[in-house]
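Peer 1: Okay, handing you the structure first.
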């Protein structure tokens, strides 16, 4: 019995010793290989992964006509990737006053200036939030040995925000030209020479579009069964088309739909979602309706380093749909002023400003607006937008005064009352709420005011909803139940008393 136990122990220990020896030898081999070949930069810094997610400015190369060795597209793309990585780590360094990753993208000579800049800013308690939005590089020279390239990057559009002691002291947009020399070292293109040759302040004077003639008489739209998930798995174009017929027959001429940033794939726009949006526009056109497309719904991060992602998202959608006959206007963002406290008013407005410029540069033929949550914010960026839009859920008795004050602020700029309405909910969670008769009287009064001031309008909303997502209004039942009953048609498909006042 004792011999049997010894044999069992030996059979366990011997394989264990062998396994331990294999692991030790493998670890030593890996360490030896690491020390001799150098650690992979992307595994150490994760910069390449971060760049894909955080920094993708538009890059347009001039046609290749360089001196020296001919350049092939694969090598040029590698140079571009490492060049943008170098920009990214520098932008992060200036924001955080750290130099993590700089050594991997800049040679000794080039990195000294960055180190000195970071050291000075740290001492002076200065930080710089910045990004580049556009690059127009030209390959000037590529050495015969394929180890060195000279680039001139013209019209680099840079946005900068400078803080001292955490207080904003400068905000500027510049257009600059850089001369760059890159060297191929260890399989990576490192910057050896990086000099700004010239720079100038940059400001776009928008080409405004007359929008008075549009005469928008519309409604904010979600399908009854899938509110706030219009383009999801339950997308049914026949249901949407039937709803559009109801809207058209009611006397309205337009709808407002929402593109949620995350839902549509962020920077890499989901092609299937985009196609569903296109089908929605087709259905609207077939039913004689125009469409206001609201971008960036449910988006709330205005960080400067994320701007390039946001721009790619907007560029993909706007460039893909700008020629559709159903488009009547682009709404940059739904109720961005609700983010003023949490994200910073300056951050939000700067983001909106640059996004207006982008959309107008892509589509100069359709007006642009912003869906402010109240009339008090509606005049912000009034000189950049073509239409001033605001939402109004306050006492209908004060709407006249609100419109009069806004008209004084924006002059002849066309105004759209872009969201308004009243819930017909009165129940256990709000026993003194409003009835369907109250809702009808509200819309009757609202249409009288709209007619008196010759406003364009889009009410909220066609249907009552059975459910409202938590992300929309929170989980409190007295809020969710009220939100469910803003429609002109109830959950059974019956037109409510307010329906006869859905338009003028």
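Peer 1: Per 10 Å bin from zero, what fraction in whole % of the C-alpha pairs of the stretch 365-410 is there, up to the bin with the longest pair?
Peer 2: Whole-percent P(r) values from 0 Å outward: 27, 55, 16, 2.
Peer 1: Packing-wise, with mean Cβ within 10 Å as the measure, how do 430-439, 351-360 rank, highest first?
Peer 2: Values: 430-439: 14.3, 351-360: 21.5.
Packing proxy ranking, top to bottom: 351-360, 430-439.
Peer 1: To continue, here is another question. Report, please, the projected area of the stretch 172-276 averaged over directions, based on the convex hull of its C-alpha atoms, in nm².
Peer 2: Numbers: hull surface 51.4 nm².
Reported value for the Cα convex hull: 12.8 nm².
Peer 1: For the chain, take the longest principal axis of its alpha carbons; what is the angle in degrees between that and the long axis of helix 307-321, to the nearest 10 within 0 to 90?
Peer 2: The helix 307-321 is inclined about 50 degrees to the chain.
Peer 1: Specify the angular offset, from 0 to 90 degrees and rounded to the nearest 10, of the alpha carbon long axis of helix 399-410 from the longest principal axis of the alpha carbons in the chain.
Peer 2: Helix 399-410 sits roughly 50 degrees off the main axis of the chain.
Peer 1: Please provide three numbers in whole Å: the alpha-carbon extents of the stretch 116-254 along the principal axes, with the largest listed first.
Peer 2: 68, 44, 31
Peer 1: Please compute the Kirkwood hydrodynamic radius of the stretch 236-339 from all pairs of different C-alpha atoms, in Å with one decimal. If you can, show how the numbers build up before the last one.
Peer 2: Numbers: mean 1/r = 0.0696 Å⁻¹.
For the stretch 236-339, inverting the mean 1/r across all distinct Cα pairs yields 14.4 Å.
Peer 1: Shifting gears a bit: Neighbour counts of other C-beta atoms within 10 Å: give me 154, 125, 408 arranged from fewest to most.
Peer 2: On the way: 154 16, 125 12, 408 9.
Ordered by Cβ neighbours within 10 Å, fewest first: 408, 125, 154.
Peer 1: So, in Å, what gap is there between the alpha-carbon centers of the stretch 119-179 and the stretch 291-366?
Peer 2: For the stretch 119-179 versus the stretch 291-366, the Cα centre distance is 24 Å.
Peer 1: Based on the alpha carbon coordinates of the stretch 212-501, what radius of gyration and maximum Cα-Cα distance (Dmax) apply, in Å?
Peer 2: That works out to 18.1, 51 Å for Rg and Dmax.
Peer 1: Two decimals, Cα atoms only, Kirkwood Rh: what is Rg/Rh over the stretch 53-140? Don't skip to the answer; put the middle values down first.
Peer 2: Numbers: Rg = 15.2 Å, Rh = 14.6 Å.
Across the stretch 53-140, the Cα-based Rg/Rh ratio is 1.04.
Peer 1: Take the alpha-carbon positions of the stretch 240-298, form their convex hull, and give its projected area averaged over all directions (one quarter of the hull surface) in nm². All intermediate terms of the calculation are to be shown ahead of the outcome.
Peer 2: Details: hull surface 15.7 nm².
So the mean shadow area of the Cα hull is 3.9 nm².
Peer 1: Same structure again: Which semi-axis lengths, in whole Å and largest first, follow from the square roots of five times the eigenvalues of the Cα gyration tensor of the stretch 115-180? Intermediate results must be reported in sequence, preceding the final value.
Peer 2: Working: eigenvalues 198, 53, 8 Å².
Over the Cα atoms of the stretch 115-180, the ellipsoid semi-axes are 31, 16, 6 Å.
Peer 1: Neighbouring Cβ atoms within 10 Å as the yardstick, rank 106, 299 fewest first. Spell out each step's value before the answer.
Peer 2: Numbers: 106 24, 299 20.
The order, fewest Cβ neighbours first, is 299, 106.
Peer 1: Something else: Taking the Cα atoms only, what angle lies between the long axis of helix 345-362 and the longest principal axis of the chain, rounded to 10 degrees?
Peer 2: The answer is roughly 90 degrees.
Peer 1: Using just the helices of the chain, give the 222 nm mean residue ellipticity in deg cm²/dmol: DSSP H runs with n ≥ 4 each add -39,500 (n - 2.57), and the total is spread over all residues, rounded to 500.
Peer 2: Numbers: 15 runs with 200 residues, N = 504.
It comes out at -12500 deg cm²/dmol, rounded to the nearest 500.
Peer 1: Here is a further query. Rg/Rh for the chain: what does it come to with C-alpha atoms and Rh from Kirkwood? Numbers along the way, then the final one.
Peer 2: Working: Rg = 29.3 Å, Rh = 26.5 Å.
Radius of gyration over Kirkwood radius for the chain works out to 1.10.
Peer 1: Quick one: compute a quarter of the convex hull surface over the Cα atoms of the stretch 43-201 and quote it in nm². Numbers along the way, then the final one.
Peer 2: Numbers: hull surface 37.8 nm².
Approximately 9.4 nm², given one-decimal rounding.
Peer 1: For the stretch 373-490, compute Rh as the Kirkwood radius over C-alpha pairs and then the Stokes-Einstein diffusion coefficient at 10 °C and 1.306 mPa s; write the answer in µm²/s, rounded to an integer.
Peer 2: Working: Rh = 15.3 Å.
Translational D for this selection: 103 µm²/s.
Rule-based calculations on the coordinates, nothing more; no lab input. As the structure is a prediction and not an experimental result, all values here were calculated from the model. Backbone-built Cβ (ideal geometry, glycine too); neighbour counts: all protein chains shown.
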